[in-house]
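The values are calculated or read from the model by the stated rules, or taken from the named source; none is laboratory data. Remember, it's a predicted structure, so these values are computed and weren't measured experimentally. Cβ sites come from the backbone with ideal geometry, for glycine too, and all protein chains shown count toward neighbours.
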Amino acid sequence: MIAIQNRYGAKVLSYSETLESVSSTSTSAEVIRGMGYWLNYVTEQGAAAPSSASRYLSSPLTIFLTLAIPTLGILGIALTRLLARRVTAWLVLVGAVLAVGVYPLLSASRLMSPIANHQGSSAALALRSSTRAYPVLLLGIAFGVGALVQKILSMKALERRPLGHLAIIALASMLVFSAMPTLWTTGTTDPNLSREQSAPRAWHEAGSLIDEISGASSRVLQVPGQEFGAYNWGFTVDPALPTVTDTPIITRDLLPLGQPQVMDLLFSLDDAVQNQTLHSQALSSTAKKLGVSSLFVPHDLDTQRFMSADPSSLLADLDQGVSRLFSSGTSKTSVAKIADSSVARTTTNAMILSGSGAGVVNAAQHGLVNDSLMRYSADMTPQELTLALQNSPLVVTDSNRLQQRHWRSSIDTLGYSQDTSSPGVLSVVDPSDRRLPIFETRDNLSNTTVSQSGNVTASASSYGTPLSYWPESRPFFALDGDPLTAWTAGAYADPYGATLHLQSRQPLDHLKLLQPQNNPNRWLNLVVVSLDQKTWTEVPMTPESRTTGQIVPLSQPATDVFIALIGLDWIKGTQQASLDGVGFAEVVDNKSFTIEKTLMPSDATSVANATTPVSIVMSRQQASPQRWWRNDPELLLNRTFTLASSQQYDVVLGASLHADSPEKLTAKLLGVTTTASEHTRGSFEHAGWYATDSSDATSWQSRVGHTTAASISFDVTSKTPEIFLTQCSLANCNAITNATITDGTTSLDIAISVTDKVSTINTNALSVGRWTLTAKSSTDRIFYDSRFGKNMLYPLEIFSIKGAGIMQVDPTLPKEPQQVTFDLDSSQMTTSVTFSGDVTKPTTSLQYDQKLTLDAGDHTIRTSSYNETPISIDDVALISQLSWPLATQTNLSMSGSPTHRTATLPPSATTRWFVFGEGYSSGWIASLNGKKIQNHVRADGGFNAWFIDAHDAPARITLSFTPQRYAYLAQLLSALTVLLCLGILWRCRRSPSLPVRTSSQYVSNPPLSMRTRVFAVVAIGLLAALVVDTPSWKGLLALCAVLVITRWRTVLIVVAAGLPAYRIWGAFANIKDSDLTPRFDWSTNTASSHQGLMYALIVFAVLVTLTTPRQPSN
């Protein structure tokens, strides 16, 4: 069964928990007390996610008891004449070694280093959760505790005292039960999972409708997806939809539980939903490729738990292929039907797409994905591509990128796009990088690659935050010439040691270091610089590094420069909340800045002929506006593509009024003058100008975590002796308590009362002009961010700033079309955009009526950054004017079992493609009228397809999953093995019983010989070298001295029992003096005891083995 799963199943182990994560908590002290398993240390809202783990981490009494029991077990094994004394001692040691596993990962023991050094290997993936071997250790401890209790009960003092016996048994039982507080606190069900038994009524109504409209050959898609089932009415862990419908379900999960291409397409569709970039036409076209006939949209998702998208507007703008059917209930749900969709279908034509799942979604919004069979160019050889492109259109997209990907969560999962020659890291291996193997080809011509072009290029040891990928913090942004972007590292963590590596074509003799300019809540005060990574020079950061840039001379001109982050600073006396990443906005004083070039796939365009329609789709990478901690990974489009022949195009552009563009740019467009240094990202709802508009209900908000140094500027047109400030007084926002206000010449330090509803500020000393109010301190109201386990500052919020000379002006969208430009090769192209809708979330309409003719060769399209213009071009589609062959699709109904399907094909006068919408596997075999079909290919985003010859009469197609026969064989062998074992047991019951041996049958042994003692030393030394990362050789020498000096078993038994007990209680001493707040790195409280305890357990097992008396032979 394992072999079948390995060959034909999804490689799920590659994407679940990493070896680094699961091994980081398994110290020996944690393991021996029954903890160490990584899930017990995961926290939510500041508490242990498994409620049962809370007391084990925060209660000193519970920690004491969980250490006391293994101590008693070890004493029982060592000090009693337990019959299985040797076995139980080795159960303890072997169980501990297995459960500890590769901890500590960076310096694993010799025994575990092969696994630690090959974290992606099958052995590492299979054995990574070795903490589950704890029951082996527990069995040994249980024997020891039982032996100790039996020893106490057999003492002469308790002879003929049944009450004494009962008291000892009761005391032992109380000790065990007290060490398991879940039995009398949380119970058998975790309170976090407490909910109603069944889903709400609205869900059952929706499920019934889904079953009604779904045929036998269709499935339902739930969007948006979630890591786990989290709803306003309860946390189900697994999705709840399967409990209310019998229709097969496809939805995003934490892990890719299927064929890689299918998962890539599904996750790309859900990413567009999460990022709010999905167009209605893309939804229906992509859903049809997934074999989806109905959509299920739950509006009662707990969106805050996993930061998932708000689905309320998902079905607001439906295209003709989607129709809303149902919306009901307090727990509101929506169901929509996808027209003309089936898991099994035939189609007459094919199209080729260069890219991956994200490219399919982007192309679908422009109508370029239709009923034709779709094949990825990366799935085809050059010969196959040349032949296919003779009568199939080609769509080239900027997807199939070389990007890091992690599976810790469903947000912030993609790293920045890379080039094959510059992966963006130094010598650091990222164990969390688990990219989907979408294609088997290693030909980079099928990838979209991004490279830095300029005199200086940059890479880094890390960027963004340790547990997520933030491409907007990548090293390139330290060289792009834009002070509003930056390379940063260590967000929400310790950035110590993060290193930026500069490589220059011409030697650099100095650096110009400019720190991030977005009002960060912490910054650098010390870095070190090296030219060879051997000799490092300290460079204290001056105030100029935070304003205009600090000049740092180099000891000699160099083409390689390394800058490592060392020291941090922040405003004292305030919450060090949000913990912004630190780094540099610019690092070189260079008039010619570095740019990023994105090269689109050329594997298909290079072999396309003059009659092949070649369309080009480009999309700017964006981050969800709901994720306040993010920025868009791309500020502009800069794409290069290749054409093999001349083509004429219709140009389709998509644009937006970008909410994260600097307010000073957007304010001019909206007819206002008040601007702020920042506002909550993704929307204009809380922009700076709402502090001086005509409504007291609107407000300006700073970004989360940014209170100190946030500022707002406004015009004062006449003498204003005082201004009136209305701030937020609620618990979910902050108010300014101290500030500076200036007119550009005079500055006033002011204290602002937050107890008054409206605060009056004396400004009589200020002149008419432009005033700026800058926060110096605030009320410091915080919330807990479960993503990083940190307290975050709520944003500042100001509802109004009023005064005699302050004009109250409302923003309005421009009525006249606004010009937008972009560059095509060396020419500047101009178009216009009109705005409509709500000024807080305006919609745009962009028209480009000219036809575009491009010659053969390379072409580059470049747009403007939204830091330069508030109107951002987000999508560019060049749609070929060459004719496209229209496809004729026929949906089929299939019958049979999950591993054997049949369908009837209608007569066809032409050859066709048959598509079977189960994840592609070579195990699927298709037969037409009993004759096997040979040309089995991947199509439609990772499904099975066969090319069918013409047939005059209806034909029967049969599909069989051949690995199932091996599964049946394995089941038969398992059944035979069970029968064999039962037969052996039956035969043993008829055999005569062996005599029972008792502990009194031991034979006293003479003192240990020198040979035996030398053997003990060697055995302990070898085991220590194998299972302890850095053995205590001093301890081994001390033990040698004890073994050489003494010959008596009693002394060695005392050592065997006392050394582990001493180490265990040393661990407890460390714990009780540590921070007992539940957190993922809680096990560091016992890290210092790890090696000593492992060494003590080795000594214990060896000495118990040697001091166990011989038993008489039967």
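Within segment 540-569, the set of residues being among the hydrophobic types (A, V, I, L, M, F, W, C), more than 32 Å from the chain's Cα centre (by Cα) and closer than 21 Å to residue 463 by Cα comprises 541 only. A residue that is at positive phi and of a type outside the set (Ser, Thr, Tyr) can be found somewhere in segment 533-546.
Filter segment 814-851 for residues that are farther than 27 Å from residue 649 by Cα and surrounded by 14 or more Cβ atoms within 10 Å (Cβ to Cβ); which is farthest from the chain's Cα centre (by Cα)? Of everything passing the filter in segment 814-851, 814 is farthest from the chain's Cα centre (by Cα).
Table: residues versus (1) modelled with pLDDT of 90 or more; (2) under 21 Å from residue 938 (Cα atoms); (3) surrounded by fewer than 18 Cβ atoms within 10 Å (Cβ to Cβ); (4) not basic (Lys, Arg).
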residue	(1), (2), (3), (4)
220	yes, no, no, yes
227	no, no, no, yes
240	yes, no, no, yes
245	yes, no, no, yes
261	yes, yes, no, yes
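Quick grid of which residues meet (1) part of a helix (DSSP H, G or I); (2) assigned by TED's automatic domain parsing to the domain that holds residue 97; (3) modelled with pLDDT of 75 or more; (4) within 40 Å of the chain's Cα centre (by Cα):
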| site | (1), (2), (3), (4) |
| --- | --- |
| 1039 | yes, yes, no, no |
| 1047 | no, yes, no, no |
| 1053 | yes, yes, yes, no |
| 1057 | yes, yes, yes, no |
| 1065 | yes, yes, yes, yes |
| 1093 | yes, yes, yes, yes |
| 1096 | yes, yes, yes, yes |
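Within segment 221-250, the set of residues being aliphatic (A, V, I, L, M) and touching a residue at least 60 places away in the same chain (Cβ under 8 Å) comprises 221, 223, 230. Checking the stated criteria, residue 274 turns out not to satisfy the condition of being surrounded by 18 or more Cβ atoms within 10 Å (Cβ to Cβ), touching a residue at least 12 places away in the same chain (Cβ under 8 Å), touching an Asp or Glu at 6+ places or on another chain (Cβ under 8 Å) and farther than 16 Å from residue 220 by Cα.
So that you can scan it fast, the table gives a plain yes or no per residue for (1) farther than 19 Å from residue 769 by Cβ; (2) at pLDDT 95 or above:
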{"position": "675", "(1), (2)": "no, yes"}
{"position": "680", "(1), (2)": "yes, no"}
{"position": "683", "(1), (2)": "yes, no"}
{"position": "689", "(1), (2)": "no, yes"}
{"position": "700", "(1), (2)": "yes, yes"}
{"position": "720", "(1), (2)": "no, no"}
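Answer yes or no: is there a residue in segment 438-455 that is out of contact with any helix residue (DSSP H, G or I) (no Cβ under 9 Å at 6 or more places or on another chain) and buried (at least 19 other Cβ atoms within 10 Å of the Cβ). Yes, segment 438-455 contains at least one residue that is out of contact with any helix residue (DSSP H, G or I) (no Cβ under 9 Å at 6 or more places or on another chain) and buried (at least 19 other Cβ atoms within 10 Å of the Cβ).
Does residue 163 fit the bill of being free of Cβ contacts under 8 Å to residues at least 12 places away in the same chain, touching a Gly at 6+ places or on another chain (Cβ under 9 Å) and not polar (S, T, N, Q)?
Working: free of Cβ contacts under 8 Å to residues at least 12 places away in the same chain: yes; touching a Gly at 6+ places or on another chain (Cβ under 9 Å): no; not polar (S, T, N, Q): yes.
When the stated conditions are applied, residue 163 does not pass them.
Of all residues in segment 489-520, those satisfying the criterion of being buried (at least 20 other Cβ atoms within 10 Å of the Cβ) and assigned to a loop (DSSP other than H, G, I, E, B) are 490, 491, 492, 495, 498, 515, 516, 520. With respect to the conditions (1) more than 30 Å from residue 817 (Cβ to Cβ); (2) free of Cβ contacts under 8 Å to residues at least 60 places away in the same chain; (3) among the aliphatic types (A, V, I, L, M), residue 775 falls short on a single one, namely (2).
Here is a yes/no grid of residues against (1) more than 27 Å from the chain's Cα centre (by Cα); (2) over 27 Å from residue 370 (Cβ atoms):
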residue	(1), (2)
636	no, yes
639	yes, no
644	yes, no
669	yes, yes
679	no, yes
685	yes, yes
690	yes, yes
694	yes, yes
709	yes, yes
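Annotation: residue 541 fulfils all but one of (1) of a type in the set (A, V, I, L, M, F, W, C); (2) surrounded by fewer than 23 Cβ atoms within 10 Å (Cβ to Cβ); (3) closer than 27 Å to residue 703 by Cα; (4) modelled with pLDDT under 95; the unmet one is (4).
Scanning segment 1063-1114 for residues that are charged (D, E, K, R), touching a helix residue (DSSP H, G or I) at 6+ places or on another chain (Cβ under 8 Å) and within 20 Å of residue 68 (Cβ to Cβ) turns up 1063, 1072. Taking first residues from segment 651-676 that are of a type in the set (Lys, Arg) and partners that are at pLDDT below 90, no Cβ contact under 9 Å between residues at least 6 apart in sequence or on separate chains turns up. Give the residues of segment 457-488 that are assigned to a strand (DSSP E or B) and at pLDDT 95 or above, sorted by residue number. Result: 487, 488.
How many residues does segment 515-536 contain that are in contact with a Pro (Cβ under 6 Å, 6 or more places away or on another chain) and under 30 Å from residue 681 (Cβ atoms)?
Residues flagged as in contact with a Pro (Cβ under 6 Å, 6 or more places away or on another chain) and under 30 Å from residue 681 (Cβ atoms) within segment 515-536 amount to 1.
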